[in-house]
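Peer 1: My questions will all concern the structure given below.
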Amino acid sequence: MTTLYIVLGVLAVIVLWAIFAYNGFVRMVQRAKEAWADIDVQLKRRYDLIPNLVETVKGYASHESSVFQNVTAARAAAMNASGAEAKGQAENMLSGALKSLFAVSEAYPDLKANQNFLDLQHQLADTEDKIQAARRFYNGNVRDLTTAMQSFPGNIIVSTFSFQPMEYFQLDAADAAAREPVAVKF
């Protein structure tokens, strides 16, 4: 009879551990998804600022149409990208296009003094900071989830319930220029 209680006790502990471990993974996945949603919010804000910025610059530098087309195309590609890796690559292209837009603005002193342009630059710089913070938060959550998924005995729960790892949201290592922040000069 005592052996039966011991076996039942051990089984109860294993079942309770599995429940808590499963719920822990569910929490980590949800935190990572929430962090990704935070990135999306900031990227949407960035996408909403870009057309206003382009229109402001167009008023002063209408003959720079290739720059405006590149920014518009990069924005569209970034908005349509899905997944952390594709989104990171598209964001790199958009950052490069924005750098060329700001380079054009350097040639127009009246534009650099325009209050609307200065306000848009400030908002974009603020948004870039928020994107960076959201990316760090997301990557921290993905790191914690990945570590738990690869550690024993968590890997047993992961394989049993088919939890999937999440991708880090990072800049393309081959694109050194993308690692520099967008130049915003006042």
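Peer 1: Condition test on I19, is it within 32 Å of the chain's Cα centre (by Cα), surrounded by fewer than 14 Cβ atoms within 10 Å (Cβ to Cβ), under 28 Å from T147 (Cβ atoms) and of a type in the set (A, V, I, L, M)?
Peer 2: yes
Peer 1: Out of everything in segment 161-186 that is assigned to a helix (DSSP H, G or I) and either at pLDDT 60 or above or touching a helix residue (DSSP H, G or I) at 6+ places or on another chain (Cβ under 7 Å) (or both), what residue ends up being surrounded by the most Cβ atoms within 10 Å (Cβ to Cβ)?
Peer 2: That would be A178.
Peer 1: Further question on the same structure: Out of L11, L4, report the one residue that is surrounded by fewer than 12 Cβ atoms within 10 Å (Cβ to Cβ) and at pLDDT 95 or above.
Peer 2: L11
Peer 1: Moving on to the next point. If you go through segment 107-121 one residue at a time, do you hit one that is under 22 Å from E167 (Cβ atoms) and either part of a helix (DSSP H, G or I) or not β-branched (V, I, T) (or both)?
Peer 2: Within segment 107-121 (the criterion being under 22 Å from E167 (Cβ atoms) and either part of a helix (DSSP H, G or I) or not β-branched (V, I, T) (or both)), the answer is no, since none of the residues qualifies.
Peer 1: I've got another one for you. Taking segment 1-31 on its own, how many of its residues are closer than 24 Å to F137 by Cβ, of a type outside the set (S, T, N, Q) and free of Cβ contacts under 8 Å to residues at least 40 places away in the same chain?
Peer 2: Qualifying residue count for the region: 2.
Peer 1: Also: Given the criteria surrounded by fewer than 18 Cβ atoms within 10 Å (Cβ to Cβ), modelled with pLDDT of 90 or more, of a type in the set (S, T, N, Q) and closer than 21 Å to Y168 by Cβ, does Q132 qualify?
Peer 2: Yes; evaluated as a whole, the condition is true for this residue.
Peer 1: Take I50 and tell me if it is farther than 23 Å from F169 by Cβ and of a type in the set (A, V, I, L, M).
Peer 2: Against the criterion (farther than 23 Å from F169 by Cβ and of a type in the set (A, V, I, L, M)), I50 does not qualify.
Peer 1: Next question. Limited to segment 145-160, what total is found for residues that are out of contact with any helix residue (DSSP H, G or I) (no Cβ under 6 Å at 6 or more places or on another chain) and in a helix (DSSP H, G or I)?
Peer 2: 7
Peer 1: Out of (1) within 18 Å of T127 (Cα to Cα); (2) surrounded by 20 or more Cβ atoms within 10 Å (Cβ to Cβ); (3) not small (G, A, S), the odd one out for L49 is which?
Peer 2: Status for L49: all satisfied but (2).
Peer 1: Here is a further query. Output the residue which, of all residues in segment 59-81 that are surrounded by fewer than 13 Cβ atoms within 10 Å (Cβ to Cβ) and either among the small types (G, A, S) or part of a helix (DSSP H, G or I) (or both), is farthest from the chain's Cα centre (by Cα).
Peer 2: Out of the qualifying residues, it is S62.
Peer 1: Follow-up. If I ask for residues that are buried (at least 17 other Cβ atoms within 10 Å of the Cβ) and either of a type outside the set (S, T, N, Q) or not in a helix (DSSP H, G or I) (or both), which ones from segment 83-95 would you list?
Peer 2: A84, K87, G88, A90, E91, M93, L94
The values are calculated or read from the model by the stated rules, or taken from the named source; none is laboratory data. Predicted model, so just to flag it, every value in this text is computed and none were measured. FYI the Cβ positions are ideal-geometry reconstructions off the backbone, even for glycines, and counts take in every protein chain you see.
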